[in-house]
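In what follows, a single structure is set out as C-alpha cells and then discussed.
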Amino acid sequence: MESAPTLDLSGIRVTGEAVSAEPLNALDRLTLLGQPSDVGGVLRAIGRLPGAARVAWPDEAGRLTVGRFAAPHGTPSALADACAHFGFPFDRSRRTRLRDLDAESRARLICALTLATGGQWLVLEDPLHGLGGQARAGLRGRLLDACTRFERGLVVSGSSVMDAAVLGGRTVTIEKEQIADSAPLAVQLREPRSNLAAAATGVSVFSGLARRGWLSIGHSQVRARTELDGKVYVTIPTSAARLSFDEFDPAFTSNSVFEALIVAVRDSGPILQVVLSPADTEVGLAMTVDLLDFSAVADTGGSGFGVIHPGLASTVADTVARVRTGTRLFVDVDTSRMRAYPAEAPAGRLD
C-alpha cells in the first residue's frame, strides 16, 4: 500500500532554524505570517519542493495574455475545473492581458492555476493581497473549499492574522529574518512574541528583564512590580498611556512619565495611532499608543468626539494639526496594565 505523501520542511531554514521540524501531511495547512520581505523567500523555497504546486506571476507581464500564461499549467479539463471553482471566467478572458486584470481577478486566476497544476500542496504567495471585505472573505472560503473538494494541502504567506486564523492549520510567524513564533495561533495571540500578534491584540510587545521584584523594558521610568525573574516578554496595551504637551499635566498619575518623539502615525481600524520612541538615547524601543478613537465604545472622558488626550488638543482637527511625525510630547504609562510572561517557551508551545 502506497504511503500518504508528506512535505519535508526541515531543509527550509530561517537564520539557521527550520521552518518546521515536522513535515506537512497531505491535507495539512500552513500560513507563513509576516511582511513580504520576511516570508516571500521562504514561501518560494517551499514552492520548489517536490509535491508543491506554485505558479509565479511574471515580473514583466507585457502583452502576455491569460490564455498564454495559463497554457503550461495543467490540462484543459483541470484548468476548466479550477477556474470554475475559483470563479475566474477563463473562456471569456483568454485574450485579456495580464496587466489589465484587477486585483481580485488576478488573485482568482493565480489560485486556479496553482490548483490546476496538480501538486499536492497549493503554495500561494500572499494570495489575498489587495483584496478587502467581501472579496477577501470569499476567496479565503474558496481556498478552504478547494482543499476539501480536491484533497489538497495548503501553504500560504501573508501579513493578516485574520487570514491565518480563518485558514487554520499551523502558523509560523517570521519577523526581522527570524522565526518569531511557531506556537498555535491562539497561543501566539495570548502571549505575543511578534509585532504582528501584538498589533492584532492591541498591545505593544517588548523584550524585558525581571530582577529583584521589578519588571523593566529598558527605560528607567517604565517599571512595574513582578514575581517573575529573568528574561521576559512584556506587553503594554495601546490604550494604556496618556499623552500631553505638558510634562506636569494633572491627568498624569504615575511616576512613569517620559518625553517621546513621534516616529509614525498610522490607522488601526477606527483608531488613529502614533508610534513613539523615547526622546533620549536610553532606549530605542518603539511603543504604539492610541491617539484618536472613533469607535462606538470609545471612552473620551468628556472630551470632544474622538479625542482621548485633551492634553494635546480639544478637537480632532487641532489634534491632527499639532501631532505629526517628529512631534515631541510627554507620555504617562499606566504600569498596572503591563503584563509579562517568561521568554523561554513554556510547555505546550510548539518548537
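The values are calculated or read from the model by the stated rules, or taken from the named source; none is laboratory data. The structure displayed is predicted, hence computed values, not measured ones. No Cβ is skipped: glycine too gets one built from the backbone with ideal geometry, and neighbour counts run over all protein chains shown.
How about segment 240-285: which of its residues are crowded, with 17+ Cβ neighbours inside 10 Å and small (Gly, Ala, Ser)?
Within segment 240-285, Ala240, Ala241, Ser244, Ser256, Ala260 qualify.
Matching residues to (1) in contact with a helix residue (DSSP H, G or I) (Cβ under 8 Å, 6 or more places away or on another chain); (2) among the aliphatic types (A, V, I, L, M); (3) farther than 30 Å from Arg106 by Cα:
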{"site": "Leu139", "(1), (2), (3)": "yes, yes, no"}
{"site": "Phe150", "(1), (2), (3)": "yes, no, no"}
{"site": "Ser157", "(1), (2), (3)": "yes, no, no"}
{"site": "Pro192", "(1), (2), (3)": "yes, no, yes"}
{"site": "Val203", "(1), (2), (3)": "no, yes, yes"}
{"site": "Phe206", "(1), (2), (3)": "no, no, yes"}
{"site": "Ala224", "(1), (2), (3)": "yes, yes, yes"}
{"site": "Leu228", "(1), (2), (3)": "no, yes, yes"}
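Every residue in segment 24-80 that is small (Gly, Ala, Ser), surrounded by fewer than 12 Cβ atoms within 10 Å (Cβ to Cβ) and closer than 25 Å to Gln178 by Cα, please.
Across segment 24-80, the qualifying residues are Ser37, Ala56.
Give just the number: which of (1) touching a helix residue (DSSP H, G or I) at 6+ places or on another chain (Cβ under 6 Å); (2) without any contact (Cβ under 8 Å) to a residue 24 or more places away in the chain; (3) of a type outside the set (Asp, Glu) does Thr96 not satisfy?
(2)
With the condition kept exactly as written, say whether any residue in segment 20-34 is over 28 Å from Ser3 (Cα atoms), assigned to a helix (DSSP H, G or I) and either of a type outside the set (A, V, I, L, M) or assigned by TED's automatic domain parsing to the domain that holds Lys176 (or both).
Scanning segment 20-34 turns up no residue that is over 28 Å from Ser3 (Cα atoms), assigned to a helix (DSSP H, G or I) and either of a type outside the set (A, V, I, L, M) or assigned by TED's automatic domain parsing to the domain that holds Lys176 (or both).
For segment 99-123, which residues satisfy the criterion of being of a type outside the set (A, V, I, L, M, F, W, C) and either touching a Gly at 6+ places or on another chain (Cβ under 7 Å) or in contact (Cβ under 8 Å) with a residue 40 or more places away in the chain (or both)?
Kept after step one, since they are of a type outside the set (A, V, I, L, M, F, W, C), are these residues of segment 99-123: 99-100, 102, 104-106, 108, 114, 117-120.
Correct list: Arg106, Arg108, Thr114, Thr117, Gly118, Gly119, Gln120.
Which of the residues spanning segment 172-190 are assigned to a strand (DSSP E or B), touching a helix residue (DSSP H, G or I) at 6+ places or on another chain (Cβ under 9 Å) and among the hydrophobic types (A, V, I, L, M, F, W, C)? If you could, list the steps in order and put the result at the bottom.
Taking segment 172-190 and keeping what is assigned to a strand (DSSP E or B), we get 172-175, 178-181.
Of the ones still in play, those that are also touching a helix residue (DSSP H, G or I) at 6+ places or on another chain (Cβ under 9 Å) are 172-175, 178, 180-181.
Answer for segment 172-190, where residues must be assigned to a strand (DSSP E or B), touching a helix residue (DSSP H, G or I) at 6+ places or on another chain (Cβ under 9 Å) and among the hydrophobic types (A, V, I, L, M, F, W, C): Val172, Ile174, Ala180.
Listed residues Val232, Val203, Val222, Val166; which is closer than 30 Å to Gly132 by Cα, surrounded by 19 or more Cβ atoms within 10 Å (Cβ to Cβ) and of a type outside the set (S, T, N, Q)? Talk me through it step by step, then tell me what you get.
Numbers: Val232 fails: closer than 30 Å to Gly132 by Cα; Val222 fails: closer than 30 Å to Gly132 by Cα; Val166 fails: surrounded by 19 or more Cβ atoms within 10 Å (Cβ to Cβ).
Just one listed residue meets the conditions, Val203.
One residue is enough: does segment 241-248 have a residue meeting the conditions in a loop (DSSP other than H, G, I, E, B), polar (S, T, N, Q) and not assigned by TED's automatic domain parsing to the domain that holds Gly41? Break it down stepwise before answering.
At the first step, the residues of segment 241-248 found to be in a loop (DSSP other than H, G, I, E, B) are 245-248.
From the residues that got through so far, the ones that are polar (S, T, N, Q) too are none.
For segment 241-248, residues in a loop (DSSP other than H, G, I, E, B), polar (S, T, N, Q) and not assigned by TED's automatic domain parsing to the domain that holds Gly41: absent.
What tally of residues in segment 238-271 results from selecting those that are free of Cβ contacts under 8 Å to residues at least 40 places away in the same chain and in contact with a strand residue (DSSP E or B) (Cβ under 9 Å, 6 or more places away or on another chain)? Break it down into steps so the answer makes sense when it comes.
Step one: of segment 238-271, the residues free of Cβ contacts under 8 Å to residues at least 40 places away in the same chain are 248, 250, 255, 266-267, 269-271.
Of the ones still in play, those that are also in contact with a strand residue (DSSP E or B) (Cβ under 9 Å, 6 or more places away or on another chain) are 248, 255, 266-267, 270-271.
The number of residues fulfilling the criteria is 6.
Do we find a residue being over 22 Å from Ala340 (Cα atoms) and either modelled with pLDDT under 95 or assigned to a loop (DSSP other than H, G, I, E, B) (or both) anywhere in segment 135-151? If you could, list the steps in order and put the result at the bottom.
Pass one, segment 135-151, residues over 22 Å from Ala340 (Cα atoms): 135-151.
With the extra rule that they be either modelled with pLDDT under 95 or assigned to a loop (DSSP other than H, G, I, E, B) (or both), the set shrinks to 150-151.
Yes.
Output the number of residues of segment 295-323 satisfying the condition of being in contact with a Gly (Cβ under 8 Å, 6 or more places away or on another chain), exposed (fewer than 14 other Cβ atoms within 10 Å of the Cβ) and either under 26 Å from Leu196 (Cβ atoms) or modelled with pLDDT of 95 or more (or both).
1
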